[in-house]
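> Please find one structure pasted underneath; my questions will follow.
The values are calculated or read from the model by the stated rules, or taken from the named source; none is laboratory data. Since the model is a prediction, treat every value here as computed from it, not as a measurement. Virtual Cβ from ideal backbone geometry, glycine too; neighbours counted across all protein chains shown.
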Amino acid sequence: MNEAIVQVTGIHKRFSGVYALRDVSLEINPGDIHCLAGENGSGKSTLIKVIAGVYHADEGSIHLNGTQYEHLRPIDAIREGVQVIYQDFSLFPNLTVAENLAINSQLEQRKRLVKWSELRATAEDAISRIKVDLPLDATVGSLSVADKQLVAISRALLHDAKLVIMDEPTTALTQHEVKNLFDVITDLKSEGIATLFVSHKLREVLDISEKLTILRNGRLAAEGDTSDFDEKKITFHMTGREVSEERFAWSGDGATPILSVRNLGRRGEFDGITFDVQPGEIVGITGLLGSGRTSLGLSLFGVHPADSGEVLVDGAPVSIRSIQDAITAGIAYVPEDRLTEGLFLEQSIGRNIFVSILDRIKTAIRFVDFDVAKRTVAAWIENLKIATPSAEAAAQTLSGGNQQRIVLARWLAAESRILVLNGPTVGVDVGSKEEIHKKLRELAAQGVGVVIMSDDIPEIVQNCNRIYVMHKGRFVRELTEAIDTDTLVEQFEELK
């Protein structure tokens, strides 16, 4: 039997006396496809960083390829063939795709001058490994979240890896891109390269992994062959409770739509978009990568104004030429990438929330009334159950689920009546996802109009009473009855 690539035993890790990991063990062998599951805060990222040498365990042992390390360093892990793709990608936004892919190779060879033909050849080899077509000359900062993810994955596979750790690699990928990634992981297995796959998407866990380790509150909750688990069992071990699968039901009466979109278009991105959202409705818009749904969301929020068509709120036409126009009309937008587009990460939770209502909480002499701001922030932290020791904590210190709730709190504090949410639970664990969905349903019950843009098929099916399938900038299907996951998957397959 081949020697284990990674064997960690009895790992304990504390921060300021608080356990992040308590007596956790894990073994990964050559060619394994192993999934690490757990809610945000369960210890997954800490365990990954212990294996990568970023954190030193307080207790326990670490063996890489049979060698025990007392004080594992990142360079030791890399030399042992451990490559980690973190959620933030660790890419250079001002460099091109080709430069990002080839930079490590250039540094390793200690080249003082760049030979551009070699650099490009390296980059082309990288993207060929995952069978995608990326614009090599485009700057990474100009790419979509999905393409950034693919760049990060391609770069990791360039090196002599024995274990590739993928932390939420499919967060922003659609079904087609996920399938390509799974094909890559299968190819790696055939070469004896192991994958440690971290995901909140339980269907993906069951589809790709062979072994499963579940953490809860820093402890080992369950482990074994993936074939011994199903979605309900995984969810139970992750959360310690049964999670509701109840479908959203809307009993509308055909009132005046809170939002009407008529023949909306933006050159080169989408055209002829028409739909209504009634008060209390949750409408879904889904489609493959490049379908135009994100561009539509940005137009509704005034980031990239439409060229044609009109938008009506409560039956009255509104002009949305800027973000301020959208806010004035009562439209809020929660972006797909909350880290770079939705939050001021280094600012406090409080400031991230009350920034949307600054004009309303100023005193007569134009200073911010911080007493009002403090009360408002406290109310929304309680309302949305944002887990934080203090409103003064930086937004970047919270888990993905809590960060998403901060963005929601900002727009709910502004009394927005129309919520457009692009990937509202991207990178969010199953427990937090359930709570966010519950809050969206509560808002709908209060008369808010909700639009969910997502390629998470179970999310769309479970939470929307009407679904539009978007393809190449147009709505090509409207599903209103007998919506189920299999039907929507079939719609996607037809569009490929």
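> Applying the selection to the stretch 224-236, what residues are under 24 Å from Leu21 (Cβ atoms) and free of Cβ contacts under 8 Å to residues at least 60 places away in the same chain?
Of everything in the stretch 224-236, those that are under 24 Å from Leu21 (Cβ atoms) and free of Cβ contacts under 8 Å to residues at least 60 places away in the same chain turn out to be Gly224, Asp225, Asp228, Phe229, Lys233, Phe236.
> Among the residues of the stretch 211-222, is any closer than 30 Å to Val430 by Cβ, surrounded by fewer than 18 Cβ atoms within 10 Å (Cβ to Cβ) and of a type in the set (D, E, K, R)?
yes
> How many of the residues in the stretch 43-79 are small (Gly, Ala, Ser) and closer than 13 Å to His12 by Cα?
Residues of the stretch 43-79 that are small (Gly, Ala, Ser), as a first pass: 43, 45, 52-53, 57, 60-61, 66, 77.
From the residues that got through so far, the ones that are closer than 13 Å to His12 by Cα too are 43, 57, 60-61.
Qualifying residue count for the region: 4.
> Does at least one position in the stretch 182-190 carry a residue that is buried (at least 17 other Cβ atoms within 10 Å of the Cβ), within 22 Å of the chain's Cα centre (by Cα) and farther than 30 Å from Leu215 by Cβ?
no
> Additional query: Here's a check for you: in the stretch 306-332, which residue that is in contact (Cβ under 8 Å) with a residue 12 or more places away in the chain and polar (S, T, N, Q) is surrounded by the fewest Cβ atoms within 10 Å (Cβ to Cβ)?
At the first step, the residues of the stretch 306-332 found to be in contact (Cβ under 8 Å) with a residue 12 or more places away in the chain are 306-315, 320-327, 329-332.
From the residues that got through so far, the ones that are polar (S, T, N, Q) too are 308, 322, 324.
On the way: Ser308: 13, Ser322: 13, Gln324: 10.
So, considering only residues that are in contact (Cβ under 8 Å) with a residue 12 or more places away in the chain and polar (S, T, N, Q), the one surrounded by the fewest Cβ atoms within 10 Å (Cβ to Cβ) is Gln324.
> What number goes with the only condition from (1) surrounded by fewer than 20 Cβ atoms within 10 Å (Cβ to Cβ); (2) touching a residue at least 12 places away in the same chain (Cβ under 8 Å); (3) of a type outside the set (A, V, I, L, M); (4) out of contact with any Pro (no Cβ under 9 Å at 6 or more places or on another chain) that Ser251 does not pass?
So Ser251 meets the others, but not (2).
> Also, quick follow-up: Among the residues of the stretch 154-176, are any over 21 Å from Ile51 (Cβ atoms), touching a Ser or Thr at 6+ places or on another chain (Cβ under 7 Å), assigned to a helix (DSSP H, G or I) and modelled with pLDDT of 80 or more?
no
> Need pairs with beta-carbon distance below 8 Å; first residue under 19 Å from Asp325 (Cβ atoms) and assigned by TED's automatic domain parsing to the domain that holds Asn383 and within the stretch 405-416, second among the basic types (Lys, Arg) and part of a helix (DSSP H, G or I); sequence gap 6+ or separate chains.
So the pair list comes out empty.
> For Glu341, indicate whether it is in a helix (DSSP H, G or I) and either at pLDDT 80 or above or within 26 Å of Leu264 (Cα to Cα) (or both).
So Glu341 passes the test.
> May I ask you to list the residues in the stretch 137-153 that are assigned to a loop (DSSP other than H, G, I, E, B) and within 23 Å of Gly287 (Cα to Cα)?
Going through the stretch 137-153, the residues assigned to a loop (DSSP other than H, G, I, E, B) turn out to be 137-138, 143-144.
Those that are assigned to a loop (DSSP other than H, G, I, E, B) and within 23 Å of Gly287 (Cα to Cα): Leu143, Ser144.
> Restrict the check to the stretch 132-142 and report whether at least one residue is farther than 30 Å from Lys13 by Cα, in contact (Cβ under 8 Å) with a residue 40 or more places away in the chain, touching a Pro at 6+ places or on another chain (Cβ under 8 Å) and surrounded by fewer than 18 Cβ atoms within 10 Å (Cβ to Cβ).
Yes: one or more hits.
> Then there's this: Name the residues in the stretch 233-246 that are surrounded by 12 or more Cβ atoms within 10 Å (Cβ to Cβ) and of a type in the set (D, E, K, R), would you?
Passing the criteria: only Lys233.
> For the stretch 382-394, give me each residue that is modelled with pLDDT of 85 or more and surrounded by 21 or more Cβ atoms within 10 Å (Cβ to Cβ).
none
> So which residues in the stretch 390-400 are in a loop (DSSP other than H, G, I, E, B) and closer than 13 Å to Gly41 by Cβ, if there are any at all? Don't jump to the end; show me each part of the working.
Kept after step one, since they are in a loop (DSSP other than H, G, I, E, B), are these residues of the stretch 390-400: 390-393, 398-399.
Scanning the stretch 390-400 gives Leu398, Ser399.
> Follow-up. Go through the stretch 290-318 and report how many residues are under 14 Å from Asn263 (Cβ atoms), in a loop (DSSP other than H, G, I, E, B) and among the aliphatic types (A, V, I, L, M).
Summing the residues that are under 14 Å from Asn263 (Cβ atoms), in a loop (DSSP other than H, G, I, E, B) and among the aliphatic types (A, V, I, L, M) in the stretch 290-318 gives 1.
> Condition first: part of a helix (DSSP H, G or I), within 19 Å of the chain's Cα centre (by Cα) and either at pLDDT 90 or above or not assigned by TED's automatic domain parsing to the domain that holds Thr286 (or both). Now tell me which residues in the stretch 433-473 satisfy that.
Asn463
> Let me ask something else. Yes or no: Gln404 under 27 Å from Arg241 (Cβ atoms), modelled with pLDDT of 85 or more and out of contact with any strand residue (DSSP E or B) (no Cβ under 6 Å at 6 or more places or on another chain)?
No; evaluated as a whole, the condition is false for this residue.
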